[in-house]
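The values are calculated or read from the model by the stated rules, or taken from the named source; none is laboratory data. Only a predicted model underlies this, so the values are computations on that prediction, with no experimental measurement involved. As a convention, Cβ positions derive from the backbone with ideal geometry for all residues, glycine included, and neighbour counts pool all protein chains shown.
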Amino acid sequence: MEVRKHGYSKRRTWRKVHIGMCVKTQQILVVAMTGNDVSDESVMPDLLDQITDPIATVGGDGAYDVAECYGAIYDAGGSPRIPPRRNARINTKGDIAIELRNQAIARIKELGGGEEGRKAWKKEVGYHKRSLVETAMYRIKTVFRDKLTSRNPKNQSTEVFIKCAALNRMTAFGMPESYRLAS
């Protein structure tokens, strides 16, 4: 109703921050900022191209279960940790990158299929480590606020890079040690 009455608002938009990080050090290695109209999976190849060090594994949620992401991960020398969609089928016409996806689908079926197989596969490949990226995003938003002060998209991008660099410095000083207490 409001759009019809006042017209489309150009001010109400958000930015997406895409980060790639090292699981061991929790350092943010690559950052990209896009508009809300850019899909997550289209950014992954560009992020992987920015990493110069060897890549062992690349994790992501089901949104990254597309051929372009598997191809980019394969080209970077990494191993994907992306859960296939629930209705995924083995692709017989794919290249070597799609074969990595086929292996995940086959392994899920070996582990019992369905939700139980997916859960066992996620545990087996260490999929839970992906949550460290969510934690890093939470840390960025709580330490530096969840709003950008710049209005210009180029300046907003610079602001995000500076926030990530500052968070890396804080992380280098040390992270809290957490451990499970015996119950």
Every pair of residues 6+ apart whose Cβ atoms lie under 7 Å, when the first sits in region 154-183 and is in contact (Cβ under 8 Å) with a residue 24 or more places away in the chain while the second is assigned to a loop (DSSP other than H, G, I, E, B) and not β-branched (V, I, T): Q156/L148; Q156/S150; N168/Q27; T171/Q26; T171/Q27; M175/Q26
Being in contact (Cβ under 8 Å) with a residue 12 or more places away in the chain, among the charged types (D, E, K, R), part of a helix (DSSP H, G or I) and surrounded by fewer than 17 Cβ atoms within 10 Å (Cβ to Cβ) is the filter here, so list the residues in region 92-107 that pass it. R107
Would you confirm whether or not region 96-105 contains a residue that is under 30 Å from E177 (Cβ atoms), under 20 Å from the mean Cα position of the chain (by Cα) and of a type in the set (A, V, I, L, M)? no
Among the residues of region 15-26 satisfying the criterion of being within 21 Å of K129 (Cβ to Cβ) and over 14 Å from the mean Cα position of the chain (by Cα), which is surrounded by the fewest Cβ atoms within 10 Å (Cβ to Cβ)? K24
Mind listing whichever residues of region 71-91 are part of a loop (DSSP other than H, G, I, E, B) and on the phi < 0 side of the Ramachandran plot? A76, G78, I82, P83, P84, R85, R86, N87, A88, R89, I90, N91
Could you grab me the full set of residues in region 128-150 that are in contact with an Asp or Glu (Cβ under 9 Å, 6 or more places away or on another chain) and more than 17 Å from N168 (Cα to Cα)? R130, L148, T149, S150
Does E68 meet the test of being assigned to a helix (DSSP H, G or I), acidic (D, E) and closer than 19 Å to C22 by Cα? no
Give me the pairs: first residue in region 125-148 and of a type in the set (S, T, Y), second residue in a loop (DSSP other than H, G, I, E, B), beta-carbon distance under 8 Å, and six or more apart or on different chains, which are they? Y127/P83
Does V58 satisfy the criteria of being assigned to a strand (DSSP E or B), surrounded by 16 or more Cβ atoms within 10 Å (Cβ to Cβ) and hydrophobic (A, V, I, L, M, F, W, C)? yes
What is the residue count in region 4-29 for residues that are at pLDDT 80 or above and of a type outside the set (G, A, S)? 15
